[in-house]
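Taking it in order: structure first as structure tokens, then the write-up.
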Amino acid sequence: IVDAAMNDLIRPSLYSSYHAIQPVVKRNRGMIRADVVGPICESGDFLARDREIDAYEPEELMAVMSAGAYGFTMSSNYNSRPRVAEVMVRGDEYYVIRERETYEDLIRGERIPGFLESDQ
């Protein structure tokens, strides 16, 4: 289970698109066959199924490649999850081109009706 979910990248769940998955830091521990799934607890919450990937330890970072222009535009706040940052990689440099949303971004514009705020 990884911290990315179908709300971050819906393409694998929606129409079985393939995105290579690789470690951010190569550790040479060999390969495993695994499902890469998110924390949303929906049957479609997966990034890869029955895929041969590098072996990982908890807390290690993996890169989901080629999310491209559709990653953010197709993302959502499903299950009240803020959308992830967008990072552009060029050679050995990276650029945060859209900041990660915060909880405050998520609730901006919401209003609680007065009758719900009272003790009645």
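Within the chain, the longest run free of exposed loop sites, counting GluC sites (Glu not before Pro) that sit outside DSSP helix and strand states (H, G, I, E, B) and have at most 16 other Cβ atoms within 10 Å, spans 1-41. Name the residues of the range 37-76 whose amide N is less than 14 Å from a point 7 angstrom out from the Cα of R27 along the C-beta direction? Counting only backbone N, you get 53-63.
Using a simple spin-label model with pseudo-atoms 7 Å out from Cα toward Cβ, D35 and I107 lie 3.4 nm apart.
Stretched out straight at 0.36 nm per residue, the stretch from V87 to F115 would grow longer than its current Cα-Cα span by 5.8 nm. Residue order for D45, D50, D35, fewest other beta carbons within 10 angstrom first, comes to D50, D35, D45. Across the chain, Cα pairs under 8 Å and at least six residues apart give a relative contact order of 25 percent. Our Cα-only numbers for the range 11-117 put the radius of gyration and Dmax at 17.1, 59 Å. A convex hull fitted around the alpha carbon atoms of the range 2-63 yields 79 Å³ per residue. The distance linking the range 19-58 with the range 87-115 is 25 Å (Cα centroid to Cα centroid, whole angstrom).
Each reported figure results from applying straightforward, stated rules to the coordinates on display, with no laboratory input. Not measured: the values here are computed from a predicted model. Reconstructed Cβ throughout: ideal geometry from the backbone, glycine too, with neighbour counts over all protein chains shown.
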